[in-house]
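Trainee: Just dropping this structure here.
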Amino acid sequence: IILLNMDTKINDITEYYEKYFSNKTYTNLFNLFHGSIDKLHNLIHGKPVEIVEDKDYDIYIYVGLYYETIKEYELAEKYYSMTFSRETTGINCLADMYKNMNKLDIAKNYYLTAISSGCVIAMYKLAKLYSDEGNYNLAKKYYLMAGSACALNNLADIYYNEQNIELAEKYYLMS
């Protein structure tokens with residue numbers, strides 16, 4: 001168990017998350033995650049929070065998202081990184097953050113790290129990044145690895161744009 005106490009920027013964090021607490025859609029989304037909304041609520045009100053390492057890693061994601069939103073990227077990276085040993089969400093968040101900052105090489109490395117753990121979302125996002133860059137060979141590779149309907153549809157789009165109608169049709173039908 002790790003004790004976490006946020007005494008800096010509590011008012012900013014409180015305002016940021018309370019606007020989402022009042023939105024039923026976000027409240028329902030937060031409730032999906034191991035009941036951590038109560039812990040997040042306590043955290044943003046400056047109360048110590050017990051983080052149970054086996055199930056509460058999403059708290060770190062929420063705090064990281066807050067810091068990313070206010071452009072405090074070092075703190076965002078710190079909290080995202082706290083999840084690395086258990087799951088790939090934090091790795092994907094870091095990759096997305098660096099992609100949004102246009103630091104694409106760093107983003108690619110984080111996506112590849114998540115992919116090495118079998119993360120399908122990272123496969124899709126890396127394929128999309130390569131596609132946006134015009135690197136269609138690598139985009140095809142990662143869309144195919146991802147294998148989701150959306151990924152296969154995007155793969156079909158690439159083949160269609162290359163005038164490879166046979167492969168485009170194949171992947172459209174698979175999607």
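Trainee: What's the number of the only condition in (1) touching a Cys at 6+ places or on another chain (Cβ under 7 Å); (2) surrounded by fewer than 18 Cβ atoms within 10 Å (Cβ to Cβ) that Tyr80 fails to meet?
Mentor: Among (1) touching a Cys at 6+ places or on another chain (Cβ under 7 Å); (2) surrounded by fewer than 18 Cβ atoms within 10 Å (Cβ to Cβ), Tyr80 violates only (2).
Trainee: What single numbered condition from (1) open to solvent by less than 20 Å² (accessible area, probe 1.4 Å); (2) farther than 20 Å from Cys150 by Cβ; (3) in a helix (DSSP H, G or I) fails to hold for Glu68?
Mentor: (1)
Trainee: If you don't mind, another one. So, restricting to helices (runs of 4 or more DSSP H) that lie completely within the range 97-161, which ones have at least 1 residues that are under 14 Å from the mean Cα position of the chain (by Cα)?
Mentor: 104-115, 120-133
Trainee: Residues that are of a type in the set (Asp, Glu), at pLDDT below 90 and outside any helix (DSSP H, G or I): does the range 31-49 have at least one?
Mentor: No, the range 31-49 has no match at all.
Trainee: How many of the residues making up the range 71-95 are closer than 19 Å to Lys125 by Cβ, modelled with pLDDT of 85 or more and either assigned to a loop (DSSP other than H, G, I, E, B) or basic (Lys, Arg) (or both)?
Mentor: The total comes to 1.
Trainee: Mind listing whichever residues of the range 115-164 are open to solvent by less than 30 Å² (accessible area, probe 1.4 Å) and at pLDDT below 95?
Mentor: Passing the criteria: only Cys119.
Trainee: Kindly provide the set of residues from the range 101-114 that are of a type in the set (A, V, I, L, M) and open to solvent by 20 Å² or more (accessible area, probe 1.4 Å), ordered by number.
Mentor: Passing the criteria: Met101, Leu104, Ile106, Leu112.
The values are calculated or read from the model by the stated rules, or taken from the named source; none is laboratory data. Everything numeric here is computed off the predicted structure, so don't read it as measured data. Note that we place each Cβ from the backbone using ideal geometry, even for glycine, and neighbour counts take in every protein chain shown. Side chains are part of the model used for accessible areas, which takes the heavy atoms of the whole protein and leaves out ligands, DNA and RNA. Shrake-Rupley method; radii C 1.70, N 1.55, O 1.52, S 1.80 Å.
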